[in-house]
Amino acid sequence: MADHSASMQTKAIHAGEPDPRPAGAAVAPIYQSSTFLFEGDSAYDDVHYARLSNTPTHDVIHGKLAALENAADALVTASGMAAISSSLLTFLQQGDHVLVQDSLYGGTHMVVHRDLPALGVEVSVFDAAQPDHWKALLRPNTKVLYAETLTNPLVKVGELDALAAFASEHGLVSMIDNTFASPVNFRPIEHGFDLSLHSATKYLNGHTDLIAGAVIGSVDRIEAVRHRVNHLGGSLDAHACFLLHRGIKTLPLRMERHNSNAIRIAEALEQHPRVVAVHYPGLDSSVYHATASRLLDGFSGMLSFEVEGGREAAHRVQDLVRIPLVAPSLGGLETLMTIPAETSHVGMSAEERAAAGVTDGLIRMSVGVEAAEDLIADLEQALSQIQ
Ligand code: PLP
């Protein structure tokens with residue numbers, strides 16, 4: 001399905017497109033139909049029905065996503081959380097044990113630390129930067145290992161190659177949330193992971209106008225997740241597939257700008273006297289810089305920073321900036337700012353946040369594609385007023 005030799009930009013535009021093109025349309029049409037004529041298909045999953053993610057509109061986007069990460073197959077879902085929860089519930093059942101990274105997106109944290117234990121799944125936590133500690137966590141019933149390429153909101157990078165190799169050596173299904181990196185900066189299957197998961201709401205779509213998820217991997221693993229999604233119902237509707245398909249075509253172009261803007265902003269923030277910490281793996285000063293440089297093709301547009309004065313000062317910055325929108329989520333054209341302790345991580349207890357290093361005054365930025373110099377000037381005028 002995937003042409004591994006083409007460049008990312010060419011694949012983003014041409015991979016997965018129907019051949020021949022229906023009615024000669026340059027853009028794959030949207031099949032806004034919930035059902036399709038029955039043509040004697042014998043198995044339930046062969047019937048063409050939009051919840052089964054098997055319409056021509058789904059096929060196109062599955063092919064393109066697989067190609068972007070040099071994988072065999074892909075599946076889109078109704079949200080990133082549908083991709084994550086359905087994948088976990090495909091490979092875990094009552095009595096199993098899962099290894100999860102210590103710092104996870106808030107929604108995922110809830111699933112693994114609240115919902116999975118309620119279903120009888122045991123959970124242990126690992127530090128992705130400490131390979132020597134992983135083996136001691138294994139149990140006879142350990143089935144899945146779950147990580148994130150770049151963590152939220154501190155943008156940490158673990159020993160990802162070693163993690164995938166460890167999972168493979170011990171027969172675990174390895175899953176990684178690749179949302180923050182995007183396929184442009186990291187392709188998990190190339191590094192030995194079994195499943196790459198995305199909130200396609202973010203960089204993959206890139207226009208802040210839909211909710212979607214994606215699971216990428218081998219034909220067998222995707223088939224297994226597809227069965228679970230068919231039953232749980234978290235499939236993506238045709239119109240959202242169409243919009244996501246349109247968004248993905250510019251992913252490489254957008255990521256180039258997200259990557260270059262974020263490094264310039266991180267460097268400017270690091271020099272600012274009111275800023276006490278900047279978390280961005282693209283900075284030479286980051287403890288994750290060497291690992292990130294080895295594993296990634298770019299450092300993404302996500303960064304976080306702390307200003308002098310804690311929560312109150314962070315609020316002042318948010319009030320004073322003129323370009324960034326103060327909103328959760330990430331990966332769109334517009335720069336977004338948020339205080340994770342009050343948004344993505346609000347569901348965690350204060351102790352859990354403290355353990356994860358999410359301080360009350362931490363500001364997370366999803367750096368957009370505006371002019372970097374405008375964003376830097378705006379941040380400087382805001383910071384100069386916080387005293
Ligand atoms: N994974 C990460 C890293 C996220 O940031 C998010 C949402 O913010 C999700 C998963 C969940 O995605 P969605 O909101 O599309 O369900």
Notebook entry, point to check: Being open to solvent by 50 Å² or more (accessible area, probe 1.4 Å) and assigned by TED's automatic domain parsing to the domain that holds S199, is that true of even one residue in segment 144-155?
Noted result: no
Notebook entry, point to check: Do we have any residue at all in segment 181-192 that's at positive phi, open to solvent by 30 Å² or more (accessible area, probe 1.4 Å) and either modelled with pLDDT of 95 or more or not in a helix (DSSP H, G or I) (or both)?
Noted result: yes
Checklist line | Which listed residue, of A262, A240, is part of a helix (DSSP H, G or I) and under 30 Å from S384 (Cα atoms) | finding: A262
Note to self: Out of R364, R322, R316, R353, I need the residue that is closer than 21 Å to H258 by Cβ and either modelled with pLDDT under 95 or open to solvent by 40 Å² or more (accessible area, probe 1.4 Å) (or both). Which one?
What the structure shows: R322
Check: Looking at V111, V157, which one is at negative phi, touching a residue at least 60 places away in the same chain (Cβ under 8 Å), in contact with a Ser or Thr (Cβ under 6 Å, 6 or more places away or on another chain) and of a type in the set (A, V, I, L, M, F, W, C)?
Finding: V157
Margin query: Tell me the residue from D127, D132 that is more than 30 Å from I363 (Cβ to Cβ), among the acidic types (D, E) and either open to solvent by 40 Å² or more (accessible area, probe 1.4 Å) or not assigned by TED's automatic domain parsing to the domain that holds I189 (or both), please.
Written below: D132
Check: If you scan segment 195-220, which residues turn out to be among the charged types (D, E, K, R) and either within 8 Å of the ligand (Cβ to nearest atom) or open to solvent by less than 40 Å² (accessible area, probe 1.4 Å) (or both)?
Finding: K202
Notebook entry, point to check: What pairs can you find where one residue is in segment 130-153 and modelled with pLDDT under 95 and assigned to a loop (DSSP other than H, G, I, E, B), the other is within 16 Å of the ligand (Cβ to nearest atom) and open to solvent by 80 Å² or more (accessible area, probe 1.4 Å), and their Cβ atoms are less than 8 Å apart, with a gap of 6+ or different chains?
Noted result: N152/Y105
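The values are calculated or read from the model by the stated rules, or taken from the named source; none is laboratory data. These numbers were taken from a predicted model, which means no experiment stands behind them. Backbone-built Cβ (ideal geometry, glycine too); neighbour counts: all protein chains shown. SASA here: full protein model, heavy atoms, side chains in, ligands and nucleic acids out. Shrake-Rupley method; radii C 1.70, N 1.55, O 1.52, S 1.80 Å.
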